[in-house]
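All remarks here apply to the structure that follows.
The values are calculated or read from the model by the stated rules, or taken from the named source; none is laboratory data. If you're wondering where the values come from, they're calculated on a predicted model, not measured in any experiment. Every residue, glycine among them, receives a Cβ derived from its backbone with ideal geometry; neighbour counts consider all protein chains shown. Ligands, DNA and RNA are excluded from the accessible area calculation, which covers all protein heavy atoms including side chains. Shrake-Rupley method; radii C 1.70, N 1.55, O 1.52, S 1.80 Å.
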Amino acid sequence: MLRKIITLTAGLAAVLLAIPAALAADYPTKPTNLLVAFTPGGPSDVLSRIVGRKMEQLLGQPFVIENRPGAGGNIAAEQTAHAPADGHTLLMGNNSILATNAALYKTIGFDPEKDFAPISLIGSQANILVVNPKVKANTMAELIALAKANPGKINFASSGHGAAAHLAGELFKTEAKIDIVHVPYKGAAPALQDVIAGHVDMMFATAASVVPHILDGKVRALAVTTLKRTTVLPQLATVDELGLKGFDATTWHGLVAPAKTPKEIIAALHRATVTALADPPVKKSLGDLGVDIVGSTPEEFAAYIKSEIPKWTAIVKASGATLE
C-alpha cells in the first residue's frame, strides 16, 4: 500500500510544484498550532519542526510546535479532534495515534477515522533494534538466547504505550517467543537516553533518533525492522533476514486536521505540505533522519490509515496488551 502511494504521488508532486501554495481567501488568519504527541527531541518532534519551518514560509503565518506528550499520543489527538475546524490546529499523527490506540486502549476520546481530516502522509522511518553496549549480545540471535535464558529480566524502552517502539517490542516478543518487559516513557528522547545510560537494556528506535548514537558507539545496533535494509545503515540486516520471517514494524508520520475542516483549507494545507516536502533542504534534512518521503493526497492518506488499523489491531490482540 505504501509503495502504491509513493508511485501515485510522484506525478502529483511534480504538478503541485508548479502551483503556488494558493490559500483559501480567509486562511490562514493567525498562527497555526501543530500538536506533537511526544516530547521535544524525538522523531515526531524533529520531523515536525523541519516541515513546520518551511510551511510557515509558504503560508505566511507562524507554525507553532506544541508538544503534548502522554497517553501514547491520545492527549494531543483528543485536543486536535475537539479543536475548531478552521485549519489553525493540526496534529502530526503517526501509526500509534491513528492506527493502534483504538485497539490498545479500552477508551479513547476520538475516532481515528471519523474525527480527523487527513492532509498528507509525510513519510516513513525504519526502526532499529539497539541494545546498551553492556548487554551481552552482539547479534539478534544472541539477544534472543539471552532473553530465553533470563525470562522477565530483559527490558525494552518505548516512547509510550501504543507507540511504534512499544508494538515493535511486543511483536518481537511474540515472534521470538521470549519474555521481555516493557518500560514506557513520555517520548523517544528520554527512552533512548535511558538505554544509553544502561537503565534499560534495549529499544526499537527510529533511525532519526538513534543513528548518531550508533555511530558514536553509545548503543549497539542488531537489526532493522523494515522488510528491506535502510539506506541510512545499509550494512545492517533486517529482522526478517535474521530469522523472524515477515517481521515489519515501520513508523510513519502524517498531518491531520479536525474533521469538518473546510475542503479548501485542507487543499491549501496539502499544497503547502507537498511543496515543503519537495524543497531540497527539507528533503535533505528528512533524508538525514532516515525518512522516506511520501507526500500523499488526503484521499490516499485516508485509505492508508484505514488499511493500517486492522494490521496493528491484530498485533495488539496477539500481544495481549491493553490499557485503561
Inset, instruction - Would you please list the contacts, defined by Cβ atoms under 9 Å and residues six or more apart or on different chains, that run from a residue in the stretch 208-222 that is farther than 19 Å from G187 by Cα and surrounded by fewer than 17 Cβ atoms within 10 Å (Cβ to Cβ) to a residue that is of a type outside the set (F, W, Y) and modelled with pLDDT of 95 or more? - result: G217/P133
Legend entry - Criterion violated by V200 - all others in (1) within 21 Å of the chain's Cα centre (by Cα); (2) modelled with pLDDT of 90 or more; (3) open to solvent by less than 20 Å² (accessible area, probe 1.4 Å) satisfied: (1)
Inset, instruction - Determine whether T32 is modelled with pLDDT under 95 and in contact with a strand residue (DSSP E or B) (Cβ under 8 Å, 6 or more places away or on another chain). - result: no
Inset, instruction - Would you check which residues across the stretch 279-294 are touching a helix residue (DSSP H, G or I) at 6+ places or on another chain (Cβ under 9 Å) and either within 17 Å of L59 (Cα to Cα) or open to solvent by 40 Å² or more (accessible area, probe 1.4 Å) (or both) and list them? - result: D279, P281, V282, K283, S285, D288, D292, I293
Legend entry - Residue check, I315 open to solvent by 10 Å² or more (accessible area, probe 1.4 Å), of a type in the set (A, V, I, L, M) and modelled with pLDDT under 95: yes
Legend entry - Some residue of the stretch 32-44 being of a type in the set (S, T, Y), surrounded by 21 or more Cβ atoms within 10 Å (Cβ to Cβ) and part of a loop (DSSP other than H, G, I, E, B): yes
Legend entry - The listed residue being in a loop (DSSP other than H, G, I, E, B), at negative phi and within 21 Å of the chain's Cα centre (by Cα), out of V211, V232: V232
Legend entry - Exclusive hit being under 26 Å from A145 (Cβ atoms), open to solvent by less than 30 Å² (accessible area, probe 1.4 Å) and not in a strand (DSSP E or B), set A268, A249, A272, A276: A249
Legend entry - Residue ranges of helices (runs of 4 or more DSSP H) in the stretch 62-166 with at least 3 members touching a Lys or Arg at 6+ places or on another chain (Cβ under 7 Å): 74-81
Legend entry - Failed criterion for G287 (all others in (1) modelled with pLDDT under 95; (2) part of a loop (DSSP other than H, G, I, E, B); (3) among the small types (G, A, S) hold): (2)
